[in-house]
Each structure stands twice: as structure tokens, then as C-alpha cells.
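One structure is given here, and the rest of the page talks about it.
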Amino acid sequence: MRAFHGCALDNHDFDDAASELFEPFFEGGLSRPYGNDETADKHRIEFVFRPYSPSDRSAVFRLLSILPSLYPEGDLWLERRLQDVSRGKARCMIADTRRWGAVGLTIETPKGPHKVKLSTIFVDPCFRGYGIGSALLRYCRENWTREKLRNVYMTADLRSAGVMLPLVTRFGFELVTTEFNRYGRDRHEMVLSWLPDQK
Ligand SMILES: CC(C)(COP(=O)(O)OP(=O)(O)OC[C@H]1O[C@@H](n2cnc3c(N)ncnc32)[C@H](O)[C@@H]1OP(=O)(O)O)[C@@H](O)C(=O)NCCC(=O)NCCS
């Protein structure tokens, strides 16, 4: 185990064979904008975005271990989604650090012709605030724009509104409605729609 920012993280050795399969869509480093200059350099992390591969399965389940507490049978849902990704029927982008492994991801699911749901966006709590969430959304938005999608939506737990709304509205999402008690008592779900022409 390796300590980082007060969080206990699994050690992840990135072997050479795996790195040959590494197909970065984005490669760069990001720093936390919070804190002084001295700590900012120390907290810089290098990461790449790459598509999911089946060897990521356990890392993804570990990252999204919160899912079953948010959604009934969330783990079964994730299993099905990852199978869809492996069959090319859904898209999963991994934000990967060479040192700590997968620290964030998006899962996008087609819901009909020209309609896509951003099913999941998640960043490991230890790595939040580096701009990984923003970079993932920027990457998705570029794809949606290139693919001329008109109907992109996402849903999110209302309790995440404080951090989620400022972020996703910056990338063109608008809160459409909130489904109260959608996943049980006091489990309210926001529904957000992407407006392609606005941002
Ligand atoms: C929403 C989420 C993806 C953002 O990821 P992130 O990597 O922290 O995003 P960014 O670093 O790009 O930050 C986005 C905004 O969050 C806020 N923020 C993040 N960390 C912060 C910190 N330490 N202090 C203050 N604000 C912070 C800022 O408003 C920031 O915007 P800025 O660029 O103007 O500073 C992440 O918080 C998350 O995964 N939350 C849980 C999401 C969830 O529950 N998903 C459903 C489960 S499937």
C-alpha cells in the first residue's frame, strides 16, 4: 500500500507489456490549483486517457465501489455495462496514472440513434481537484460534437449537486428535472440534458 494525500491506495506497478497497449487519447500533467506554489508542484500528477480494456475490470469495480449504495444492484449494472464496452456497445474512458493506476472514468451508453447517456463520471476522491473530471468531460464533449449528437443526457444523485452542477453546466449540461425518490426514499436523481450549441 502507498500513502497519498492521506488516502491508502493500492500499489500499482505498470509493467512494460501493459504500457505497449497504452493508447493515450490525452497525455499530460495537472496540478491542484489549491494551495501554494510549493505544494502545487509536489501535487502534480501525470495521466493519460485511454479506452477500457478487460484488465481494468477489478480497478473499475474498486473505483466505483460506491455504486451499489447509490443504485439498486449497481454492481450487476456495472458488470453488464463493462460487457457492453467489451462488445463495442458502450464506451468507457479511463483516466490512468502510471503510478497509481486508474483514478477516474466515464462510461457512455447509446440509448438509440443519435442518443447517448453519460452513465457515469467518477474520479477517485484522493485525486479530485486536479482537473481530471473537467478533462474527461472535455474529451466526451469533443466526441459528441464530432459525432453531431443532439441528444446527450446524464442523471446524478441530488446529493452530488454541489460539486456536479458547477462542473457539468460549464460543459453545456442543463438541469431538466429532479426525479424525487427515484431510487427509494430520499434518493432523488437529477436529470441533465446537454445543449450542443451552447458550449
Ligand atoms: C464530479 C467529479 C467527477 C469532479 O471530478 P474532479 O476531478 O474533482 O473535477 P475537477 O478537478 O475538474 O474540478 C471540478 C470542479 O470541482 C470543484 N473542486 C474540485 N476539487 C475541489 C477542492 N479540493 N476544493 C474546492 N473545489 C473543488 C471546483 O469547482 C472545480 O472547478 P474549478 O475548475 O473551477 O476549480 C468528482 O467530484 C466525482 O467523481 N464526484 C462523484 C461523482 C459521482 O458520485 N458519480 C456517480 C457515481 S457513478
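The values are calculated or read from the model by the stated rules, or taken from the named source; none is laboratory data. Quick caveat: nothing in here was measured; it's all calculated off a predicted structure. Note that each Cβ is placed from the backbone with ideal geometry, even for glycine, and that neighbours are counted across all protein chains shown.
Would you be able to say whether some residue in the stretch 60-73 is modelled with pLDDT of 95 or more and either more than 14 Å from the ligand (Cβ to nearest atom) or under 26 Å from P196 (Cα atoms) (or both)? No, the stretch 60-73 has no match at all.
One line per residue, one yes/no per condition, for (1) more than 9 Å from the ligand (Cβ to nearest atom); (2) in contact with a helix residue (DSSP H, G or I) (Cβ under 8 Å, 6 or more places away or on another chain); (3) at pLDDT 95 or above; (4) farther than 25 Å from V48 by Cα:
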{"residue": "G104", "(1), (2), (3), (4)": "no, yes, yes, no"}
{"residue": "K111", "(1), (2), (3), (4)": "yes, no, no, yes"}
{"residue": "K115", "(1), (2), (3), (4)": "yes, no, no, yes"}
{"residue": "F122", "(1), (2), (3), (4)": "no, yes, yes, no"}
{"residue": "N143", "(1), (2), (3), (4)": "yes, no, no, no"}
{"residue": "V152", "(1), (2), (3), (4)": "yes, yes, yes, no"}
{"residue": "L167", "(1), (2), (3), (4)": "no, yes, yes, no"}
{"residue": "T177", "(1), (2), (3), (4)": "yes, no, yes, yes"}
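Checked against (1) within 16 Å of the chain's Cα centre (by Cα); (2) charged (D, E, K, R); (3) away from the ligand (no atom under 11 Å from the Cβ), R98 passes all but condition (1). Looking at this structure, is G162 near the ligand (Cβ under 7 Å from one of its atoms), under 21 Å from I66 (Cβ atoms) and not hydrophobic (A, V, I, L, M, F, W, C)? No, not satisfied. Among the residues of the stretch 172-197, those identified as in contact with a strand residue (DSSP E or B) (Cβ under 8 Å, 6 or more places away or on another chain) and outside any strand (DSSP E or B) are G172, R182, Y183, R187, H188, L195, P196. Taking the stretch 124-141 as the range and being within 7 Å of the ligand (Cβ to nearest atom), more than 19 Å from R91 (Cα to Cα) and in contact with a strand residue (DSSP E or B) (Cβ under 7 Å, 6 or more places away or on another chain) as the test, the residues that pass are F127, Y130, G131. Looking at the structure I just gave you, is D124 over 27 Å from T178 (Cβ atoms) and in contact (Cβ under 8 Å) with a residue 12 or more places away in the chain? Criteria not met by D124.
Being modelled with pLDDT under 95 and surrounded by 14 or more Cβ atoms within 10 Å (Cβ to Cβ) holds for only one residue in A135, A156, and it is A135.
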